[in-house]
Amino acid sequence: MTTPVCTSASNAATAARQTHSYPSFSSYVRARQPVLLRTARSLTANPSDAEDLLQTALTKTYVAWDRIEDHRALDGYVRRALLNTRTSQWRKRRVDEFTCDELPEPEVMPVGDPAEQQALHDAMWRAIMRLPARQRAMVVLRYYEDLSEVQTAEVLGVSVGTVKSAVSRALGKLREDPELGLVR
């Protein structure tokens, strides 16, 4: 999926960069980029799309840097920007992928043979991707991002009870998933 980067945010960031420099933003990005990229990857199927998604969310964060009062809550702000941006992209998505005879890049073969771990990993992600979007987001934030129920509720703008019940239903679906039963 190729969606254009948010042009209004890019234009605003360019204008802000000409008048302001935020060293604290740069240090925040350097420190938190791996964790935020992991979140973005859990929201998209393609690693390149995840990088684009994170870049757009960070651009929006940079534009709003002066307006963010509590810099201790930056992760929540960026996660919300990731979710909102991904939702917007999903709503306006276009399919402009084309088939070709040759793969553009050779497939990298892993060193060693962690076949069982990889099979479980793949089966788990396929099962997670089959969950409804809301449950999937809650499971990812709760268990892959290691957020508490309260933090997950804050990020998604729902009550803690909603997080508890949705995660419980999602885990039930994962336990009953026939593909995961075969891997166990």
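Tabulated data for the structure shown
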| read-out | value |
| --- | --- |
| Subset of the range 45-69 (residues that are modelled with pLDDT under 85 and under 10 Å from the mean Cα position of the chain (by Cα)) | Ala45 |
| Residue count, the range 120-165 (criterion: surrounded by 13 or more Cβ atoms within 10 Å (Cβ to Cβ) and closer than 12 Å to Gly76 by Cβ) | 9 |
| In the range 70-100, residue farthest from Ser26 (Cα to Cα) [restricted to those that are at pLDDT 80 or above and loosely packed, with under 10 Cβ neighbours inside 10 Å] | Asp70 |
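The values are calculated or read from the model by the stated rules, or taken from the named source; none is laboratory data. Bear in mind the structure is a predicted one, so any value in this text is a computation, not a measurement. We place every Cβ from the backbone using ideal geometry, glycine too, and count neighbours over all the protein chains shown.
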